[in-house]
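No lab work stands behind these numbers, since they all come straight from the coordinates. Since we're looking at a predicted model, the values are computed, not measured. Cβ sites come from the backbone with ideal geometry, for glycine too, and all protein chains shown count toward neighbours.
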Amino acid sequence: MRIAIGSDHGGFDQKEPLAAYARSLGHEVIDMGPATGGRCDYPDYADKVARYVAAGKADRGILICGTGIGMAITADKVPGIRAAVIQTPQFAQLFREHNDGNVLCISGRFTELDVNKEIVRIFLTQEWEGGRHAVRVEKAMRENDPDFHGVGEDFQAEN
Ligand code: RB5
């Protein structure tokens, strides 16, 4: 697959090792910056990577900041993106299986590199299950549709 990767200064130290790891798994990795570890603003790199994925120029995106949180907040606002902060391999598996996640957001400060490598490996190999999850992912993506005005106050959950 073609993978776009980006970070801020909080994730910079893990960016190159994770890019190299993804390449070692046979993926093409496009490093979207930054080129150095100086202070920078995570929304700029989240925007760059997320839009690249949303445009179909990469199959998946990986974003690393101090916590992963700012990256996920920003990337998720780009139409077509399903981004989340992932801290464990099990969540990585469920993020793919249930949510068809396409932008992985991880912490460079609170998650060890070896754990992030395993998270990246699962993110890049685990298939989406589809099936009962398809309608839920479709519903989540309605939020990107300017003609969707919400389920309304009268909505009653069936289960
Ligand atoms: C930068 O200090 C830090 O706020 C950033 O890396 C990230 O954790 C934001 O969510």
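Here are the numbers for this structure:
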{"quantity": "In region 105-147, GluC sites (Glu not before Pro) in a DSSP loop with at most 13 other beta-carbon atoms within 10 Å", "calculated": "112, 127"}
{"quantity": "Residue 69-residue 2 FRET efficiency (beta carbon distance; Förster radius 22 Å; 0.05 resolution)", "calculated": "0.30"}
{"quantity": "Virtual spin-label span in nm between residue 141 and residue 125, 7 Å along Cα→Cβ", "calculated": "2.6 nm"}
{"quantity": "Per-selection Rg to Rh, the chain - Cα, Kirkwood hydrodynamic radius", "calculated": "1.00"}
{"quantity": "Separation of the residue 154 and residue 59 label points, Cα + 7 Å toward Cβ, nm", "calculated": "4.5 nm"}
{"quantity": "Relative contact order of the chain, pairs being alpha-carbon contacts under 8 Å that are 6 or more residues apart, as %", "calculated": "22 percent"}
{"quantity": "Cross-link reach list, lysines versus residue 139, counting only Cα pairs under 26 Å and skipping chain neighbours closer than eight places", "calculated": "48, 57, 77"}
{"quantity": "Segment residue 90-residue 35, length gained on full extension (0.36 nm per residue, minus Cα span)", "calculated": "16.7 nm"}
{"quantity": "Proximal charge balance of residue 97 [Cβ under 10 Å; K/R count +1, D/E count -1]", "calculated": "-2"}
{"quantity": "Angle between the chain longest axis and helix 42-54 axis [Cα atoms, degrees, rounded to 10]", "calculated": "60 degrees"}
